[in-house]
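This report concerns only the one structure given below.
The values are calculated or read from the model by the stated rules, or taken from the named source; none is laboratory data. Fair warning: this is a prediction, and the values are worked out from it, not measured in the lab. Note that each Cβ is placed from the backbone with ideal geometry, even for glycine, and that neighbours are counted across all protein chains shown.
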């Protein structure tokens, strides 16, 4: 057997294991402290969306918190535009 294909296969397997472990971290349930920190950030949108998810008995992952925070930046800006618009 040639050592190069075996070495390449071993390296590829190691990369997959490390990447899989890194990616699985995002899908783990968020801790109480992580949820409290996200809600304490001051965004009413984040608080509402996470409260709704909790009310529907959904498990909130770390990835969910990040996605909600990114989405709510846009929603909070829109909300600010409407609240400052003159009628």
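The residues of segment 58-87 that are under 13 Å from the mean Cα position of the chain (by Cα) and outside any loop (DSSP other than H, G, I, E, B), listed by number, are 61, 62, 63, 64, 65, 66, 67, 68, 69, 70, 71, 72.
Do we have residue 55 as over 16 Å from the mean Cα position of the chain (by Cα), loosely packed, with under 13 Cβ neighbours inside 10 Å and at pLDDT 90 or above here? Criteria met by residue 55.
Looking only at segment 30-40, which residues are loosely packed, with under 12 Cβ neighbours inside 10 Å and not in a helix (DSSP H, G or I)? Within segment 30-40, 31, 40 meet the criteria. In this entry, residue 68 is excluded by the filter for residues that are at pLDDT 90 or above and loosely packed, with under 10 Cβ neighbours inside 10 Å.
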